[in-house]
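Taking it in order: structure first as structure tokens, then the write-up.
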Amino acid sequence: MNNQNLASYKIFYAVANAGNISKAAKELYISQPAISKSIQKLEENLGARLFSRSSRGVTLTPEGELLYSHVKTAFETLNLGEEKLRRSIELGIGHLTIGVSSTLCKYLLLPYLKDFIKQYPYINISIDCRSTNQTLKLLEEDKIDVGLVGRPEVLKHITFHPLKEIEDIFVATRDYLANLKSRGVSQNRILENSTLMLLDKENMTRRYIDDYFIENQIHLHASIEVSSMDLLIEFAKISLGAACVIREFVREELASGTLIEIPLARPIPRREVGFAYNKSQKQSKALESFLHFFENQKRT
């Protein structure tokens, strides 16, 4: 459809709604002859008569009624889009892209977003599920607005707002631990003699755990690597091995006894997760609203 046809349909729509060429001319600020000429040309192009004319005005023909039903839907959609755009501009909001790992997305971001969306329903949100390292790279390249990540060792151009502390622990089923005990494995040697289930080496959590192993001279007997903490939890539940998980994400399993925490001589140090953004990037109003909401949530 070219601009000329769009203008013709706009005139057709106005005349159909008004039922009178004179009234439509006043609404559109154009002359009556111009409207009549536009309608005539549209009828010629479509090969159909669209209006029946009388001394009282104009009424749609059956062909005109058919065309009007589609034109009405199109213009109502356009008007709705314009209204949403105006409201978005008035509210000073727009689009927000959040980078986050699948684990942090499920257990931390989604509950947080639930309240944010209620307060800012007109902000369009995109979620880019990547590893923390990939999320940090996207932040540096200005490809996302904000990321939910573990605190990076080096911040560089990243501003980090802590959300909460998390604690890594090892868990297994009671049956798996009983089997180790029956083989003569002492409590302080469980990790060395277990099949350890860990996140893959691309994950920042895995690197953190590897550093813990080195510092405590723990040598892996056998290991299974996956990309999802949900899988680690499910594997642990079927007694496949001992899984390294985040305590906050297995509270129900620990409370019910489905999984048992493996005691460690030296607990794994707690670490921070939070929202990070590129401080050299100009903040959008959507990001400002998001960070403002986040700070208010922390204070309550």
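Taking Phe170 as the residue in question, decide whether it is in a helix (DSSP H, G or I), closer than 30 Å to Ala255 by Cα and out of contact with any Gly (no Cβ under 7 Å at 6 or more places or on another chain).
On the way: in a helix (DSSP H, G or I): no; closer than 30 Å to Ala255 by Cα: yes; out of contact with any Gly (no Cβ under 7 Å at 6 or more places or on another chain): yes.
So Phe170 does not fit the description; no.
State which residue is nearest to Leu199 (Cα to Cα) when the search covers only the range 234-252 and only residues that are within 26 Å of the chain's Cα centre (by Cα) and touching a residue at least 12 places away in the same chain (Cβ under 8 Å).
Val245
Can you find even one residue in the range 84-107 that is part of a helix (DSSP H, G or I), under 30 Å from Phe249 (Cβ atoms), of a type in the set (D, E, K, R) and not assigned by TED's automatic domain parsing to the domain that holds Ser227? Give the steps one after another, and end with the answer.
Quick first cut of the range 84-107, residues part of a helix (DSSP H, G or I) only: 84-91, 102-107.
Filter once more, keeping what is under 30 Å from Phe249 (Cβ atoms): 102-107.
Among the residues that remain, those that are also of a type in the set (D, E, K, R) are: 106.
Then drop every residue that is not not assigned by TED's automatic domain parsing to the domain that holds Ser227, which leaves 106.
Yes, there is a match, as at least one residue in the range 84-107 is part of a helix (DSSP H, G or I), under 30 Å from Phe249 (Cβ atoms), of a type in the set (D, E, K, R) and not assigned by TED's automatic domain parsing to the domain that holds Ser227.
Could you say whether any residue in the range 152-167 is within 30 Å of Lys237 (Cα to Cα), touching a helix residue (DSSP H, G or I) at 6+ places or on another chain (Cβ under 8 Å) and surrounded by fewer than 17 Cβ atoms within 10 Å (Cβ to Cβ)? Outline the logic, then answer.
From the range 152-167, those within 30 Å of Lys237 (Cα to Cα) are 163-167; that's our starting set.
Next, from what is left, pick out any that are touching a helix residue (DSSP H, G or I) at 6+ places or on another chain (Cβ under 8 Å): 163-164, 166-167.
Then drop every residue that is not surrounded by fewer than 17 Cβ atoms within 10 Å (Cβ to Cβ), which leaves 164, 167.
Scanning the range 152-167, I find at least one residue that is within 30 Å of Lys237 (Cα to Cα), touching a helix residue (DSSP H, G or I) at 6+ places or on another chain (Cβ under 8 Å) and surrounded by fewer than 17 Cβ atoms within 10 Å (Cβ to Cβ), so the answer is yes.
Within the set of pairs 6+ apart or on separate chains, which have a first residue in the range 202-218 that is within 22 Å of Val273 (Cα to Cα), a second that is in a helix (DSSP H, G or I), and C-beta atoms under 7 Å apart?
Pairs that qualify, where the first residue is within 22 Å of Val273 (Cα to Cα) and the partner is in a helix (DSSP H, G or I), are Glu202/Asn133; Met204/Thr132; Met204/Asn133.
Scan (1) under 23 Å from Leu180 (Cα atoms); (2) more than 33 Å from the chain's Cα centre (by Cα) for the single condition Glu215 breaks and write down its number.
(1)
Specify the residue that is surrounded by the most Cβ atoms within 10 Å (Cβ to Cβ); the eligible residues are those in the range 130-151 that are modelled with pLDDT under 90 and within 30 Å of Leu254 (Cα to Cα).
In this case the residue turns out to be Thr132.
From Ile190, Ile209, grab the single residue that is buried (at least 17 other Cβ atoms within 10 Å of the Cβ), in a helix (DSSP H, G or I) and touching a helix residue (DSSP H, G or I) at 6+ places or on another chain (Cβ under 7 Å). Working first, answer last.
Numbers: Ile209 fails: touching a helix residue (DSSP H, G or I) at 6+ places or on another chain (Cβ under 7 Å).
Just a single option satisfies the conditions, and that option is Ile190.
Got a sec? Which of Val100, Val71 is aliphatic (A, V, I, L, M) and closer than 30 Å to Val273 by Cα?
Details: Val71 fails: closer than 30 Å to Val273 by Cα.
Residue meeting the stated conditions: Val100.
From Ser194, Ser182, grab the single residue that is among the polar types (S, T, N, Q) and in contact (Cβ under 8 Å) with a residue 12 or more places away in the chain.
On the way: Ser182 fails: in contact (Cβ under 8 Å) with a residue 12 or more places away in the chain.
Residue meeting the stated conditions: Ser194.
Quick check on the range 109-123. Is at least one of its residues β-branched (Val, Ile, Thr) and not assigned by TED's automatic domain parsing to the domain that holds Ser223? Lay out the reasoning, then the answer.
Residues of the range 109-123 that are β-branched (Val, Ile, Thr), as a first pass: 117, 123.
Filter once more, keeping what is not assigned by TED's automatic domain parsing to the domain that holds Ser223: 117, 123.
Yes, that holds for at least one residue.
Pick from Ile158, Ile233, Ile214: which is out of contact with any strand residue (DSSP E or B) (no Cβ under 7 Å at 6 or more places or on another chain) and β-branched (Val, Ile, Thr)? Spell out the reasoning first.
Numbers: Ile158 fails: out of contact with any strand residue (DSSP E or B) (no Cβ under 7 Å at 6 or more places or on another chain); Ile233 fails: out of contact with any strand residue (DSSP E or B) (no Cβ under 7 Å at 6 or more places or on another chain).
Within the list Ile158, Ile233, Ile214, the selection yields Ile214.
Given the condition under 24 Å from Val154 (Cβ atoms), assigned to a helix (DSSP H, G or I) and not charged (D, E, K, R), answer yes or no: does some residue in the range 213-227 qualify?
yes
In the range 244-300, which residues are surrounded by 15 or more Cβ atoms within 10 Å (Cβ to Cβ), modelled with pLDDT of 90 or more and in a loop (DSSP other than H, G, I, E, B)?
If the condition is that a residue be surrounded by 15 or more Cβ atoms within 10 Å (Cβ to Cβ), modelled with pLDDT of 90 or more and in a loop (DSSP other than H, G, I, E, B), then Thr258, Leu259, Ile262, Leu264, Ile268 are the ones that fit.
Determine whether Leu104 is buried (at least 16 other Cβ atoms within 10 Å of the Cβ), farther than 22 Å from Phe293 by Cα and at pLDDT 85 or above.
Working: buried (at least 16 other Cβ atoms within 10 Å of the Cβ): yes; farther than 22 Å from Phe293 by Cα: no; at pLDDT 85 or above: yes.
Answer is no for this residue.
What pairs come out if I take residues in the range 126-151 that are outside any loop (DSSP other than H, G, I, E, B) and pair them with residues that are among the acidic types (Asp, Glu) whose C-beta lies under 8 Å away, six or more apart or interchain?
Note: pairs meeting the criteria are Asn133/Glu202; Thr135/Asp128; Leu138/Asp128; Gly150/Glu272.
All but one of (1) free of Cβ contacts under 8 Å to residues at least 40 places away in the same chain; (2) over 30 Å from the mean Cα position of the chain (by Cα) hold for Lys282, so report the exception by its number.
(2) is the only condition that Lys282 fails.
State whether the residues of the range 40-49 include one that is in contact with a Gly (Cβ under 7 Å, 6 or more places away or on another chain), among the small types (Gly, Ala, Ser) and over 30 Å from Asn124 (Cβ atoms). First the steps, then the outcome.
First, pick out the residues of the range 40-49 that are in contact with a Gly (Cβ under 7 Å, 6 or more places away or on another chain): none.
Checking the range 40-49: not a single residue is in contact with a Gly (Cβ under 7 Å, 6 or more places away or on another chain), among the small types (Gly, Ala, Ser) and over 30 Å from Asn124 (Cβ atoms).
The values are calculated or read from the model by the stated rules, or taken from the named source; none is laboratory data. Predicted model, so just to flag it, every value in this text is computed and none were measured. Counting neighbours? That spans all protein chains shown, and the Cβs are built from the backbone with ideal geometry, glycine included.
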